[in-house]
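The values are calculated or read from the model by the stated rules, or taken from the named source; none is laboratory data. Bear in mind that the values here come from a model prediction, so they are computed numbers and not experimental data. Neighbour counts are summed over all protein chains in view; Cβ atoms, including those assigned to glycine, are modelled from backbone coordinates with ideal geometry. SASA here: full protein model, heavy atoms, side chains in, ligands and nucleic acids out. Shrake-Rupley method; radii C 1.70, N 1.55, O 1.52, S 1.80 Å.
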Amino acid sequence: MTDTIGPKNELPDIAEQGSGELNDKQLLTERDIRAAKRQRLIDSGADPYGQGLTITDYISELEARYIDLESSVNTEDIVTIAGRIMAIRDQGGLMFIVVRDSTSEIQLFIQANAIGDEIFAYAKDLDIGDWVSATGVIVRTRRGQLSVAPTEVTLQSKALRPLPEKYHGLSDKETRYRQRYVDLIVNPEIRTAFEKRFAIITALREVAHKYGYIEVETPMLHAIPGGATARPFITHHNALSRDFYLRVAPELHLKRLLVGGFERVFEINRCFRNEGMDQTHNPEFTTFEAYQAYGDMRSMQALTRELIQHACMVANGTLQITYQGHEIDLSGEWESRTMIDLVSEAAGEEISFNRTLTELKILANHYQISLQDSWGKGKIIVELYEKLVEGNLVQPVFVTEHPLETSPLAKQKADDSNVTDRFELLICGSEYANAFSELNDPVEQRRRFEAQATAKAAGDDEAMGFDEDYIRALEYGMPPAGGMGLGIDRLAMLLTDSASIRDVLLFPHMRDEVQPIDRLSESFMAE
């Protein structure tokens, strides 16, 4: 049975109302007012921070269920919803309150003569930003707005700070990154990028599981920094009375598992590098790393391509995407080019190991590359590649045959002792994946670790440490293998068309705030 809402009780539906632009003094005053309301509730025996409750419906479910409900009609269907107050309009004996839950928004249609003076007065004391629950019947107003006409409204959490004003919003990027919780409230559209990010991670797992990879966990604290050339974070273990390093990569532990008999393993987890922050770098970041016994660089190419293509389809429904104005085609096979060919093509002359070290240094100086005395031919070639080529590679391309000097864990190419069986995947000038046929010769690995140790002693703080236990593991025998690391943060940037890594990290690292955090006035600091 239904009844109609009488015209005399109908007022125009709510237009969203913000709290206005507030300066520091006004903000403090507004917080004092809200703190006073909180204290009055406590003094009256009420709890302004709620208890557990049973919610019957999410708002999006109500929208779908009552899509055909006609205007000016009440139902007798009682629901309980909960969410944050996003707008309030008080029209005397009638109030409109917009509540948002994690799925959508709905209007509370509150009439004093229906809800009673005591509950109506309670509702009038609510503020934008408060969390509330409401129990009542579903109605659709004369103007067609789906609403809940509550018989009960309960404060679940009192908001002491007002939200930023709607039309000016939270637009300063530094504030948005620093106060992501407020950013999510006032700019709900940014949820899409994060929802896509987590869908991408799920998609990567789906591909790995499809091919029989087992997800594993390896240590975050390493006794020796290894698995990548990077500057580590150092921490101290009190019980063991020694320093440890936050891992720069999980590679060496994952390959120990191949030694132990696991054939296909992968890990999705954080890595840490004590280096700079920019549009594509954050000191802690998430990687997908996979290792396949009896695989090689080519099997890793196939895996990498399928991982990214599946993630793109899940996130966007197409393999033709736009990233920062560039049209990117991720479909089909991807081009594969050697580093030597690319850098020679860009320079307009041969740049290879056939040149003397002096000639390569002259070329580097010509392109204004700052040289270090310890650099050999391979390192200079890599620097020339990064200077002349990397930023110009737009469509996906596997850049192969990296110099041995800069690839201490990769297997040497069978027909060229200067380079390794390795690739980096480049898209839009950024590296997305790094993979190679894994070096499994313990004698050669020891020699390369020794070269890294020499570089570290000469002042290279990104060189790997000498991991004697990893050598011992290889001496027990590791099967030929392919390994690959994929940067999830950058992949999320690509597949959400985000210009900065901070746009796909819920809580990116920030420099300290210049201004101290403002506080409530002393009268409300203590209950």
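Just a few scattered comments:
- When the stretch 243-288 is reduced to its Cα atoms, the Kirkwood hydrodynamic radius in Å: 12.2
- Of Tyr181, Tyr432, the residue with the largest accessible area leads and the full order is Tyr181, Tyr432 (1.4 Å probe).
- Accessible area of Leu425 in the full protein assembly, 1.4 Å probe (Å², nearest 10): 0
- Point-charge dipole on Cβ atoms (K/R +1, D/E -1) for the stretch 368-503, about Cα centre, debye to 20: 120
- Once each of the trypsin sites (Lys or Arg not before Pro) sitting in a DSSP loop with at most 12 other beta-carbon atoms within 10 Å is removed, the chain keeps 144-510 as its longest stretch.
- Loop-located GluC sites (Glu not before Pro) in the stretch 54-114, at most 16 other Cβ atoms within 10 Å (DSSP): Glu70
- Label-point gap, in nm, between Val514 and Phe198 - each point 7 angstrom along Cα→Cβ: 3.5
- The convex hull built on the alpha-carbon positions of the stretch 301-443 has an orientation-averaged projected area of 10.2 nm².
- Taking amide hydrogens as placed 1.01 Å from N in the peptide plane, the amide H of Asn274 sits under 5 Å from those of Arg231, Phe233, each at least 5 positions away in sequence or on another chain.
- Considering only Leu495, Ala64, Gly93, the residue lying farthest towards the positive end of the dipole of the chain is Gly93, judged by Cα position with unit charges set on Cβ.
- Every pair of different Cα atoms in the stretch 328-368 enters the Kirkwood calculation, which places the hydrodynamic radius at 12.1 Å.
- Options Ile362, Ala473, Thr406, ranked by Cα towards positive dipole end of the chain, top entry (Cβ charges): Ala473
- Backbone geometry of the stretch 97-109 corresponds, through the Karplus equation with coefficients 6.51, -1.76 and 1.60 at θ = phi - 60°, to 3J(HN,Hα) couplings of 10, 8, 10, 10, 9, 6, 10, 5, 10, 9, 9, 8, 9 Hz, x marking Gly and Pro.
- Förster radius 51 Å - calculated FRET efficiency between Ser102 and Thr454, Cβ distance, rounded to 0.05: 0.40
- Extents of the stretch 84-178, largest first, come to 47, 28, 23 Å (Cα atoms, principal axes, whole angstrom).
- Amide N of the stretch 350-393 lying under 13 Å from the label point, which is placed 7 angstrom from the Cα of Thr280 along Cα→Cβ: 386-393
- Our summary of shape: the Cα atoms of the stretch 185-271 have principal axis extents of 47, 38, 25 Å, ordered from largest down, in whole angstrom.
- The Rg/Rh ratio for the stretch 125-226 is 1.17, where Rg is the radius of gyration of the alpha carbons and Rh is the Kirkwood radius.
- Our Cα-only numbers for the stretch 65-139 put the radius of gyration and Dmax at 12.4, 34 Å.
- Rounded to two decimals, the Cα radius of gyration of the stretch 22-153 over 2.2 N^0.38 Å is 1.11.
- Dipole magnitude for the chain: about 540 debye, using +1 per Lys or Arg Cβ and -1 per Asp or Glu Cβ, origin at the Cα centre.
- Counting only heavy atoms of the protein chains and using a 1.4 Å probe, Tyr58 has close to 110 Å² of accessible surface.
- Equivalent ellipsoid, the chain (semi-axes from 5 times Cα gyration tensor eigenvalues, Å): 58, 25, 23
- With 24 Å as the limit on Cα-Cα distance, the pairs of Lys37/Lys173; Lys124/Lys158; Lys210/Lys255; Lys379/Lys411; Lys196/Lys387 that go past it are Lys37/Lys173; Lys196/Lys387.
- Taking the three principal axes of the alpha carbon atoms in the stretch 58-101, the coordinate ranges are 29, 24, 16 Å, sorted in descending order.
- Whole-Hz ³J(HN,Hα) from phi, Karplus 6.51 cos²θ - 1.76 cosθ + 1.60, for the stretch 433-438, glycine and proline x: 8, 9, 8, 6, 6, 6
- Equivalent-ellipsoid semi-axes of the stretch 370-461, from the Cα gyration tensor, Å, largest first: 23, 18, 11
- Amide H contacts under 5 Å for Gln156, placed H, 5+ residues apart: Trp131, Val132, Ser133
- Value at 222 nm in deg cm²/dmol, rounded to 500, when DSSP H runs of n ≥ 4 in the chain each add -39,500 (n - 2.57): -9500 deg cm²/dmol
- In the chain, taking the dipole from charged Cβ atoms about the Cα centre, the farthest positive-side position among Asn434, Val148, Leu393 is held by Val148.
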